[in-house]
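Each reported figure results from applying straightforward, stated rules to the coordinates on display, with no laboratory input. Small disclaimer: the values here were computed from a predicted structure and weren't measured.
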């Protein structure tokens, strides 16, 4: 998986104003469930279209940024959590054992039709 480290509010602003689908994965380095979700997402990485950026947010290191993600897209802060952002909106999000990159890709395909 070609993660892009999400570590600044400036990056979040760029994501907010992008007109293409963007994935954000919020991960807690202290949580075994989060570790399992990350492995599952990375296992399914080949499903993600190459033109869809995937951001990785270490929410232990960047808790304020994680809170800003929740506030910006009006989603409850959870960990682990995956969001699909498109045209300034969070069009899909899931957390814990509900996280599936395959489900995210289905939503991306719906956006592109």
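Summary table below
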{"item": "Global geometry of the stretch 1-58, whether rounded, prolate or oblate, following the gyration tensor of its Cα atoms and the 1.5 cut on a/c", "result": "oblate"}
{"item": "Prolate/oblate/rounded label for the stretch 57-105 (Cα gyration tensor, a/c 1.5)", "result": "oblate"}
{"item": "Value at 222 nm in deg cm²/dmol, rounded to 500, when DSSP H runs of n ≥ 4 in the chain each add -39,500 (n - 2.57)", "result": "-10500 deg cm²/dmol"}
{"item": "Diffusion coefficient, µm² s⁻¹, Stokes-Einstein with Kirkwood Rh over alpha-carbon pairs of the chain at 4 °C and 1.567 mPa s", "result": "94"}
{"item": "Relative contact order of the chain, pairs being alpha-carbon contacts under 8 Å that are 6 or more residues apart, as %", "result": "35"}
